[in-house]
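Student: This is the structure I want to talk about, given as C-alpha cells.
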Amino acid sequence: NAGVTQTPKFQVLKTGQSMTLQCAQDMNHNSMYWYRQDPGMGLRLIYYSASEGTTDKGEVPNGYNVSRLNKREFSLRLESAAPSQTSVYFCASSDQQGPYGYTFGSGTRLTVV
Amino acid sequence: SQQGEEDPQALSIQEGENATMNCSYKTSINNLQWYRQNSGRGLVHLILIRSNEREKHSGRLRVTLDTSKKSSSLLITASRAADTASYFCAPGSGNTGKLIFGQGTTLQVKP
C-alpha cells in the first residue's frame, strides 16, 4: 500500500541549479497537487492537475513548472533554484468523486544554498 | 477555493482532557475536511463532512459544521500524547477539488 511516493526525500542544491521532484500515486486518483510548507506556516499550493493532461497554477507558481506525465505521475521542476525555494515540498492526490480527501506523500526537504 | 482560518493557533492540554479547535471560512462550500500533521510528516486526512451534514464522528473525533455561521469545530476527546500535532481545516468547493490550507492549530498534549 504505497499511496503517494515522493523522491528524493532530501536534496541540497546550489543557487541556479535545476532539479525535478518526482511524485507517483498508485490509487488511480484523477487529481494531483504540489504544495510547499515553510517553517511555522501552512501549506501553499504551487500547481495542481485536476485530471490527466491538465495543469493549473496555484497560489505560488513562480519559479516552478510541472508535468503530468500520466495518470500516476506528477513532477515539479525548479529550473533555476533560489534560496527562497528552500522548503518542504509535498505532493498529494485525490479522488474528487470520493469522500476520502487527499493522500499526501512524506515530503521532500529541499535546501538551496 | 478558499482558505480556512483555524483558531486557536496553539493549544496545550493535559492527557485525558478534550481538545477543541475551530475553523471559519468565508463562502459556501461543498464539504469541509480536517487533516493532522505530525512533526516532519505529510498531512493525514482525518474526516470529511459534507455541507448537508451537521455532525460526524470518527473514533475519538467529533466534527460539527454550521453552514449558517460558516464555521466548523473539531473535538478530540480523551486526548493522548500521540495526538500532539498540527491540525488543519480545508473548505472544499468547486469542481477541481483544489484545497487551500490555513496555518493550522498546533496541539500539544502533555503526558
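Student: Loop sites only, by DSSP: take the GluC sites (Glu not before Pro) in chain B that have at most 15 other C-beta atoms within 10 Å and name the longest stretch containing none of them.
Tutor: Working: sites that count: B:15, B:17, B:53.
The longest such stretch corresponds to B:54-111.
Student: For chain A, which span is the longest to avoid every loop-located (per DSSP) member of trypsin sites (Lys or Arg not before Pro) having at most 14 other Cβ atoms inside 10 Å?
Tutor: Numbers: sites that count: A:9, A:14.
That would be A:15-113.
Student: Quick one: which residues, 5 or more positions from residue A:66 or on another chain, have an amide H under 5 Å from its amide H? H modelled 1.01 Å from N in the peptide plane, none for Pro or chain starts.
Tutor: Correct list: A:77.
Student: Taking H as built 1.01 Å from N, whose amide H comes closer than 5 Å to the amide H of residue B:15, not counting residues under 5 places away?
Tutor: Amide H neighbours of residue B:15: B:110.
Student: Subtract the Cα-Cα distance of residue B:26 and residue B:52 from 0.36 nm times their separation in residues, and report this length gain in nm to one decimal.
Tutor: Numbers: separation 26, 0.36 × 26 = 9.36 nm, distance 1.70 nm.
Result: 7.7 nm gained on full extension.
Student: Follow-up. Calculate what fraction, in whole %, of the accessible area of the protein assembly as shown sits on carbon and sulfur atoms when a 1.4 Å probe is rolled over the protein chains. Numbers along the way, then the final one.
Tutor: Numbers: 4790 of 10590 Å².
Carbon and sulfur: 45 percent of the exposed surface of the protein assembly as shown.
Student: Suppose every Lys and Arg Cβ carries +1 and every Asp and Glu Cβ carries -1, with no other charges. What dipole size does the stretch B:5-110 come out with about its Cα centre, to the nearest 20 debye? The partial results should precede the final answer.
Tutor: On the way: 13 positive and 9 negative charges, 51 e Å.
My answer is approximately 240 debye.
Student: Follow-up question, since we're still on this one. Report, as an integer, the average count of C-beta atoms from other chains found within 10 Å of each Cβ along B:34-46. Mind dumping the intermediate values first?
Tutor: On the way: counts 1, 5, 0, 5, 0, 0, 4, 4, 16, 12, 4, 8, 1.
Average per residue, whole number: 5.
Student: Right, another one. How about residue B:98: which aspartates and glutamates have a C-alpha closer than 18 Å to its C-alpha, ignoring those fewer than 8 places off in the same chain?
Tutor: Partners found: A:52, A:56, A:59, A:73, A:95, B:5.
Student: Work out the length of the dipole vector of chain A about its Cα centre, built from +1 on the beta-carbon of each Lys and Arg and -1 on the beta-carbon of each Asp and Glu, and round it to the nearest 20 debye.
Tutor: On the way: 10 positive and 8 negative charges, 55 e Å.
For chain A, the charge dipole is close to 260 debye.
Student: Quick check for you: with a 1.4 Å probe and neighbouring chains kept, what is the accessible area per residue of the stretch B:5-110, in Å²?
Tutor: 48 Å²
Student: Still on this structure: Over both sides of the A-B contact, add up the buried accessible area with a 1.4 Å probe and give it to the nearest 100 Å².
Tutor: Values: alone 6070 and 6140 Å², together 10590 Å².
Buried surface at the A/B interface: approximately 1600 Å².
Student: Using the charge dipole of the protein assembly as shown (Lys, Arg: +1 at Cβ; Asp, Glu: -1 at Cβ; taken about the Cα centre), state which of A:10, B:109, B:52 has its Cα farthest towards the positive end.
Tutor: A:10
Student: Semi-axes of the equivalent ellipsoid of the stretch B:5-110: what are they in whole Å, largest first, if each equals the square root of 5 times a C-alpha gyration tensor eigenvalue? Spell out each step's value before the answer.
Tutor: Details: eigenvalues 103, 42, 28 Å².
Taking √(5λ) for each eigenvalue gives 23, 15, 12 Å, largest first.
Student: Using protein chains only (no ligands, no nucleic acids) and a 1.4 Å probe, work out which residues of the stretch B:96-111 have their accessible area cut by at least 30 Å² relative to the chain alone.
Tutor: Going by heavy-atom accessible area, the residues of the stretch B:96-111 that drop by at least 30 Å² are B:96, B:97, B:98, B:99, B:100, B:101, B:103.
The values are calculated or read from the model by the stated rules, or taken from the named source; none is laboratory data. Everything quoted here is computed from the prediction, not taken from an experiment. Cβ coordinates were reconstructed from backbone atoms using ideal geometry, including for glycine residues, and neighbour counts include every protein chain displayed. Please note that ligands, DNA and RNA were not included when accessible areas were found on the heavy atoms of the full protein model with its side chains. Shrake-Rupley method; radii C 1.70, N 1.55, O 1.52, S 1.80 Å.
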